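The structure appears right after this line, and notes come after that.
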Amino acid sequence: MRHLKFDFNNMFSSNVGKDHGVRENELKNATKVIQKTHKHLKKIINSPFERIALGLEWTQLPYQNKGTLEQIQVLGDEIAKRFENVVFLGIGGSYLGLKAAQDALAPCYYNEFSPLRNKRPRIYFEGNNLDAQTLSVLIKNLEPKKTFVVVISKSGETTETKAAFQIVESWLKKHVGKSYGRQVVAITDPRSGSLRKKVNAAHSRDALSFRSLPLLKGVGGRFSEFNMGLLHLAIIGVDIKEVLAGARAMLRRCSSPSVYENPAYMYALLQTILYIKKRKSIAILMPFSEKLKSTADWYVQLLAESLGKKYGRRIETDSSGREIWKKANIVNLGRTPISARGTNDLHSIQQNNIEGENNKTVTFVRVASFARDLRTPKAGDFLSDRSYCKLLNLAHEATEWALSREKRPNCTIIMPQVNPYHWGELIFFFEIATAFEGELLEVNAFDQPGVESYKNYMYYKLRRPGMPKEIAREIKDNPLVKKTRFII
Ligand code: PA5
């Protein structure tokens, strides 16, 4: 198998019944909508100005120029050669893609066993929470002089990343001395934000201090793995060109307006029909692969932040005919994503998938060929002399069967292997599907206004300067109401 495949048999009424599946003629009926949606996406992607302004510049990431990639590779190799540990600080889109790549593309138990690392550094992720339990243990045990730090924040302002970096920076400064900045790379906006200010100041004193990588404009955090995640890939020795080649291949397949040739469109369309017409509002992603669990976690952010929206989208055009997206009416849309993994979660969430409310679709990822296998010993029972990989794939088939028997719509993405090329395909499959789903739902898939309110509340309480008066007033006038009798 040369490409990732999408098997959507069990999304149809023929397999899961007319009350829970899509009828084939519903696809035919959607032809006009598909064409209109495709045309609109294509128009924005083909216009550099709109692409950047509206947040679709990620579609260009697979075509990054060789020079940029080589620069990143050189830096990655230099860090890998000189340091035993690399700590990545970041949250949301500045973390989940890297973690997904680490688990999918680095050998399992990479940090634990040095031969698996092939002389490359151990990797740690921090700054993705405000929980001191992990960070405090890490800096107590890592050797500062042997540790490199990559701080990633597009805005340069995110509380979690900022707080973690302040702690790590003072730890480095204390133990490494004046030149500690040479052990730091910052990936942030080229112009704005307090992290950028810090980078520029450190840089002007010492060109090797706080080196930084460019972040492209118009690439939102959750769509940015192939921008901010590339240094991480270079450090752990993953072939970046292969990852991008896979993404390009998927992009090419998904440039077709025909849903039967375009797996991402087909996925988005079927999910949308089932969501709108059959109320399948829960989206479970269950790879049958330990290595892909973090990719499912990454998808949770992609779907939730892109499509979970209060307002619909209204398109206006300016005097030069360029689109401006505005908020329209309140719609409160968006499927709720849940990440799971087979077979582990067959012993937990699967009970609800099969017998709970029939309000979900389950998407599996099946790996056709694994890098390693084990055989069970010849013990003489039904498990005797079996291939582990075949057992795993049989468990997937059994789960498909069990769900379909109970009229639970499900579909499967088949990955030929978990390798850089096919992982690149998988990431782009989901990104294009999400963009298309956003178009079908007529929401802005590229902003995340909902995550601002908790941030504002924290900024207000922490007295961060520059808070807009009306937001401060809203928080002040609407405090959390806690009645002691409701706390027992
Ligand atoms: O998708 C997004 O844009 C967000 O999830 C961000 O990645 C997240 O909030 C972190 O932001 P930043 O990279 O600015 O620190």
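The values are calculated or read from the model by the stated rules, or taken from the named source; none is laboratory data. Given the structure is predicted, the values throughout are model-derived calculations rather than measurements. When we count neighbours, we look across all protein chains shown, and the Cβ atoms used for this are built from the backbone with ideal geometry, even at glycine. Side chains included, ligands, DNA and RNA excluded: accessible areas come from the protein's heavy atoms. Shrake-Rupley method; radii C 1.70, N 1.55, O 1.52, S 1.80 Å.
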key: Filtered residues of the stretch 354-392 (kept if touching a residue at least 24 places away in the same chain (Cβ under 8 Å) and open to solvent by less than 20 Å² (accessible area, probe 1.4 Å))   = LYS360, THR361, VAL362, THR363, PHE364, VAL365, VAL367
query = Taking the stated definitions as given, is SER339 open to solvent by 20 Å² or more (accessible area, probe 1.4 Å), hydroxyl-bearing (Ser, Thr, Tyr) and farther than 22 Å from MET415 by Cβ?
reply = no
ask   = If you check every pair at least six apart or on different chains, which have Cβ atoms under 6 Å apart with a residue in the stretch 295-315 that is within 13 Å of LEU441 (Cα to Cα) first and a residue that is aromatic (Phe, Trp, Tyr) second?
value = ARG313/TRP325
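So that you can scan it fast, the table gives a plain yes or no per residue for (1) touching a Lys or Arg at 6+ places or on another chain (Cβ under 8 Å); (2) of a type in the set (D, E, K, R); (3) open to solvent by 20 Å² or more (accessible area, probe 1.4 Å):
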{"residue": "LEU56", "(1), (2), (3)": "no, no, no"}
{"residue": "GLU70", "(1), (2), (3)": "no, yes, yes"}
{"residue": "VAL74", "(1), (2), (3)": "no, no, yes"}
{"residue": "GLU84", "(1), (2), (3)": "yes, yes, yes"}
{"residue": "PHE88", "(1), (2), (3)": "no, no, no"}
{"residue": "TYR95", "(1), (2), (3)": "no, no, yes"}
{"residue": "ALA100", "(1), (2), (3)": "no, no, no"}
query = Does the stretch 75-93 hold any residues that are part of a helix (DSSP H, G or I) and touching a residue at least 40 places away in the same chain (Cβ under 8 Å), and which are they?
reply = LEU75, GLY76, ASP77, ILE79, ALA80, ARG82, GLY92, GLY93
key: Condition met for GLU437 (modelled with pLDDT of 95 or more, acidic (Asp, Glu) and crowded, with 21+ Cβ neighbours inside 10 Å)   = yes
request  = For the stretch 94-135, name all the residues that are in contact (Cβ under 8 Å) with a residue 40 or more places away in the chain, of a type outside the set (A, V, I, L, M) and under 14 Å from SER294 (Cβ atoms).
outcome  = TYR95, GLY97, LYS99, GLN102, ASP103, CYS108, TYR110
note = If we keep only residues of the stretch 171-213 that are small (Gly, Ala, Ser) and closer than 20 Å to PHE125 by Cβ, then the residue modelled with the lowest pLDDT is SER212
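Let's see how each residue does on (1) open to solvent by 20 Å² or more (accessible area, probe 1.4 Å); (2) among the hydrophobic types (A, V, I, L, M, F, W, C); (3) in contact (Cβ under 8 Å) with a residue 40 or more places away in the chain:
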{"residue": "THR412", "(1), (2), (3)": "no, no, yes"}
{"residue": "MET415", "(1), (2), (3)": "no, yes, yes"}
{"residue": "VAL443", "(1), (2), (3)": "no, yes, yes"}
{"residue": "LYS483", "(1), (2), (3)": "yes, no, no"}
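For the subset of the stretch 393-404 comprising residues that are over 27 Å from the mean Cα position of the chain (by Cα) and surrounded by 15 or more Cβ atoms within 10 Å (Cβ to Cβ), which member is nearest to ASP7 (Cα to Cα)?
Checking each candidate, the answer is SER404.
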request  = Identify the residue in the stretch 206-233 that is open to solvent by less than 10 Å² (accessible area, probe 1.4 Å) and in contact with a Phe, Trp or Tyr (Cβ under 7 Å, 6 or more places away or on another chain) and, among all such residues, is farthest from the ligand (Cβ to nearest atom).
outcome  = HIS232
message = Within the stretch 287-302, does at least one residue satisfy the condition of being under 21 Å from GLU26 (Cβ atoms), buried (at least 19 other Cβ atoms within 10 Å of the Cβ) and of a type in the set (A, V, I, L, M)?
response = no
ask   = Give me the pairs: first residue in the stretch 11-22 and outside any helix (DSSP H, G or I) and buried (at least 18 other Cβ atoms within 10 Å of the Cβ), second residue modelled with pLDDT of 95 or more and of a type in the set (Phe, Trp, Tyr), beta-carbon distance under 8 Å, and six or more apart or on different chains, which are they?
value = GLY21/PHE12; VAL22/PHE12
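Would you mention how many residues in the stretch 465-488 are in a loop (DSSP other than H, G, I, E, B) and under 14 Å from SER453 (Cα atoms)?
Total satisfying the criteria: 5.
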query = Of the residues that make up the stretch 234-253, is at least one open to solvent by less than 10 Å² (accessible area, probe 1.4 Å), without any contact (Cβ under 8 Å) to a residue 24 or more places away in the chain and within 29 Å of ASN25 (Cβ to Cβ)?
reply = no
message = I'd like the residue in the stretch 76-109 that is of a type in the set (A, V, I, L, M, F, W, C) and over 24 Å from LEU426 (Cα atoms) and, out of all such residues, is nearest to the ligand (Cβ to nearest atom).
response = LEU89
